[in-house]
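Shown next, in structure tokens, is the structure this report addresses.
The values are calculated or read from the model by the stated rules, or taken from the named source; none is laboratory data. Quick caveat: nothing in here was measured; it's all calculated off a predicted structure. Here the Cβ positions follow ideal geometry from the backbone for every residue, glycine too, while neighbour counts run over all protein chains shown.
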Amino acid sequence: MIKIISARDRVMKLFGGEEIDRPPCFSGMGNVTAEGLKELGYKFASIHLDARKMADSSATTYKLFGFECGVVPFDLCVEAEALGCEINVYAHLEDILYPTIKKKIIHTEDEMDIAIPSGLQHRGRIPLVCEAIRLLKKDIGGEVPVGTYVLGPFTLAGQIMELNDLLKLSFKKPDKVGRLLDALADAVILVAGEYEKAGVDYITVREMGATSDVLSPRVFKGLILPYLKKIFEKISVPSVLHICGKTNDIVPFMAESGARAISVDQKNDVAESRKKLGKEARIFGNYDPYNVLVAGRPELVRETVRKCVNDGVSAVWPGCDIWPTVPPENFKAMMEEIRKDGR
Amino acid sequence: MVTEDKKKELLERLKNAVIQYDEDTAKEAAKEVLDVGMNANDAIFNGLVSGMEEVGRLFEAQEYFVPELLMCADALYAGLDILKPHVQQLDLGVKGSVVIGTVEGDVHDIGKNIVKMMFDVAGFTVYDLGRDVPLDKFVEEQLKTDSDLVCLSAMMTTTMVGMKKVIDDLRAKNPNVKIMIGGAPVSQDIAEKWGADGYAKDANNALKDAINMISSLKKLKEEAEARKSR
């Protein structure tokens, strides 16, 4: 008889390689919902700038729907901002628009030899995210695991310089790009270390910029993987490597990165990945967060849970951030369906 | 008069310059095209564009990825910039104007730029609004320029939904305008559901679709005018 005392217990056991009763349904990426914001009366643009609002918003996804985690932050600009970029939170709009980088710090190839600012972990919103982690832990941390994420070095490089240039240079001048990724890996390690101190249970490294929709598996292996390895070596809590898009050709490299689990989206054929990586590998995914969870009918929502489990995921996990306008009945249907697997 | 052999050689050089992302060769070959008095239109379509078609195939076969594609595009533009001023009349059977941009909240413009390049080579007048474009701006620009086509791009699921609003607004203001959407999260299904006329799976597909749309639009206009004059 497997004894699971909480959703947190289940996830931590999964990361630890222990037997569990069923796959958890959780995420390592943004998980705020419009329903949760309505309940709290918060505007989307405001929850990125206030630790209390950030933590409260994240907690509603567990409280309203039983999603088996709490994750902060919600946007992808935290590290870039700490490095000196300016961000836009679209405060003037009522619509749900995620913050983007307004001003980058590298404008030409010559500016690529950057130094990581001292005290990076105290700059920008990193202290705010740490505070949100502490608040979230206090609120729901006994019941569900609390996670956070950082960007992978290549994706982060695409935030602080023109992606166009970065992509071409990764081909023309890989040494130069490599040096930048090495420096950014140090930055990511600093930030992740700070989140660990705040008490986070697991950290996802999002390296979606290096998907095989964009970069060849050869470039991924030669140019990106070494710096991901460097990062995972330094993360002491359970870690996940997330890459979206076409990933079937690179899952063996992802598994080599040193992450405790890999995360893929709906474009990955998980049955095939499972065959490639074997039954011990932790594969999280590959639930389609928009076409199914937002736009699908509840029957499709349930079928997709089944498909993920049958294909062999270790956790049913959305392939990207939860899209905030997810219909409550769909979210509930997803959670109901996974709970049926409990033994 | 330029010999057939010379012509063939130059077309081959232009084509290979694009495939091998060699900007210098593209420039040199384009200059030589002008020097020897070869037809610039021919050089664009049977040289540069046919190179890009091969690049498209290599991309589909996953031999080329986005960095290669971007470098090939640079080579194409290097040649195109030299040849374009000497083009008398691009002959694709249809010419049109297009408003293009990446929707607000999205700062990814690589896909949009590749599609834009196809319109550029086809001789369309392109009004490029750039990226992170406020939704109202699309409608405003279409009305101002009376463009035949509006192309919306979104790279992220999180911004894709903004396209629906633009489509609705455009339809309300100008029911005849043709709308095409594209980007990683977009699908044929979404295009149909939201009432877009076309869905650009990739740049090649975007151009073919755009030409079809504009042809049908022009035909409608001609029919309407013919009825009026009767």
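One line per residue, one yes/no per condition, for (1) under 24 Å from A:D265 (Cβ atoms); (2) acidic (D, E); (3) in a loop (DSSP other than H, G, I, E, B):
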site: A:D9; (1), (2), (3): no, yes, no
site: A:I20; (1), (2), (3): yes, no, yes
site: A:G28; (1), (2), (3): yes, no, yes
site: A:V32; (1), (2), (3): yes, no, yes
site: A:K38; (1), (2), (3): no, no, no
site: A:A45; (1), (2), (3): no, no, no
Based on this model, can you work out whether B:D106 counts as part of a loop (DSSP other than H, G, I, E, B) and in contact (Cβ under 8 Å) with a residue 12 or more places away in the chain? yes
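Any residue at all in the stretch A:303-314 that is within 14 Å of another protein chain (Cβ to nearest Cβ) and either closer than 28 Å to A:V72 by Cβ or not in a strand (DSSP E or B) (or both)? Steps first, answer last, please.
From the stretch A:303-314, those within 14 Å of another protein chain (Cβ to nearest Cβ) are none; that's our starting set.
No: the stretch A:303-314 contains no residue that is within 14 Å of another protein chain (Cβ to nearest Cβ) and either closer than 28 Å to A:V72 by Cβ or not in a strand (DSSP E or B) (or both).
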Say whether the condition of being within 14 Å of chain B (Cβ to nearest Cβ) and over 19 Å from A:S46 (Cβ atoms) is met by at least one residue in the stretch A:103-126. yes
Those residues that are more than 12 Å from chain A (Cβ to nearest Cβ), surrounded by 15 or more Cβ atoms within 10 Å (Cβ to Cβ) and free of Cβ contacts under 8 Å to residues at least 60 places away in the same chain, I need them from the stretch B:175-190; list them, please. B:V177, B:K178, B:I179, B:M180, B:I181
Exactly one of these conditions fails for B:A73: (1) surrounded by fewer than 21 Cβ atoms within 10 Å (Cβ to Cβ); (2) within 14 Å of chain A (Cβ to nearest Cβ); (3) at pLDDT below 95. Give me its number. (1)
Does B:D35 count as charged (D, E, K, R), within 30 Å of B:T158 (Cα to Cα) and either touching a helix residue (DSSP H, G or I) at 6+ places or on another chain (Cβ under 6 Å) or more than 12 Å from every other protein chain (Cβ to nearest Cβ) (or both)? no
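Between A:A295, A:A333, A:A259, which is assigned to a loop (DSSP other than H, G, I, E, B), closer than 27 Å to A:V72 by Cβ, among the aliphatic types (A, V, I, L, M) and in contact with a helix residue (DSSP H, G or I) (Cβ under 6 Å, 6 or more places away or on another chain)? Break it down stepwise before answering.
Numbers: A:A295 fails: in contact with a helix residue (DSSP H, G or I) (Cβ under 6 Å, 6 or more places away or on another chain); A:A333 fails: assigned to a loop (DSSP other than H, G, I, E, B).
After ruling out the rest, the residue left standing is A:A259.
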Which of (1) closer than 26 Å to B:G183 by Cβ; (2) at pLDDT 95 or above is the odd one out, the single condition A:C244 does not satisfy? (2)
Can you go through B:G123, B:G79 and tell me which one is of a type in the set (G, A, S), away from chain A (no Cβ under 14 Å) and assigned to a helix (DSSP H, G or I)? B:G79
Just for the stretch A:143-190: of the residues that are assigned to a helix (DSSP H, G or I) and polar (S, T, N, Q), which one is farthest from the other protein chains (Cβ to nearest Cβ)? A:T155
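For the condition without any contact (Cβ under 8 Å) to a residue 40 or more places away in the chain and in a helix (DSSP H, G or I), what is the one hit in A:K246, A:K230, A:K279, A:K221? Give the derivation first.
On the way: A:K246 fails: in a helix (DSSP H, G or I); A:K230 fails: without any contact (Cβ under 8 Å) to a residue 40 or more places away in the chain; A:K279 fails: in a helix (DSSP H, G or I).
The match here is A:K221.
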Could you check how many residues of the stretch B:109-120 are away from every other protein chain (no Cβ under 13 Å) and either among the aromatic types (F, W, Y) or part of a loop (DSSP other than H, G, I, E, B) (or both)? 1
Hey, any hits in the stretch B:142-151 for a residue that's within 30 Å of B:V36 (Cα to Cα), outside the structural domain of B:M38 (by TED's automatic domain parsing) and assigned to a loop (DSSP other than H, G, I, E, B)? no
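From the list A:I231, A:I224, A:I203, which residue is among the aliphatic types (A, V, I, L, M), in contact with a helix residue (DSSP H, G or I) (Cβ under 8 Å, 6 or more places away or on another chain) and farther than 30 Å from A:R8 by Cβ? Spell out how you get there, then give the answer.
On the way: A:I231 fails: farther than 30 Å from A:R8 by Cβ; A:I203 fails: farther than 30 Å from A:R8 by Cβ.
Within the list A:I231, A:I224, A:I203, the selection yields A:I224.
Residue check: is A:I5 free of Cβ contacts under 8 Å to residues at least 12 places away in the same chain and of a type outside the set (K, R)?
Against the criterion (free of Cβ contacts under 8 Å to residues at least 12 places away in the same chain and of a type outside the set (K, R)), A:I5 qualifies.
Which members of the stretch B:146-162 meet the condition of being within 12 Å of chain A (Cβ to nearest Cβ) and either among the aliphatic types (A, V, I, L, M) or within 16 Å of the chain's Cα centre (by Cα) (or both)?
Initial filter on the stretch B:146-162 (within 12 Å of chain A (Cβ to nearest Cβ)): B:154-162.
Answer for the stretch B:146-162, where residues must be within 12 Å of chain A (Cβ to nearest Cβ) and either among the aliphatic types (A, V, I, L, M) or within 16 Å of the chain's Cα centre (by Cα) (or both): B:A154, B:M155, B:M156, B:M160, B:V161.
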Please state which of the following conditions B:V115 fails to meet, knowing it meets all the rest: (1) over 25 Å from A:G209 (Cβ atoms); (2) touching a residue at least 60 places away in the same chain (Cβ under 8 Å). (1)
Return yes when B:E68 is without any contact (Cβ under 8 Å) to a residue 24 or more places away in the chain, assigned to a helix (DSSP H, G or I) and either within 14 Å of chain A (Cβ to nearest Cβ) or over 18 Å from the mean Cα position of the chain (by Cα) (or both) and no when it is not. no
Here's a check for you: in the stretch B:191-215, which residue that is within 12 Å of another protein chain (Cβ to nearest Cβ) and at pLDDT 90 or above is farthest from the chain's Cα centre (by Cα)? B:K193
Yes or no: A:D201 surrounded by 21 or more Cβ atoms within 10 Å (Cβ to Cβ) and acidic (D, E)? yes
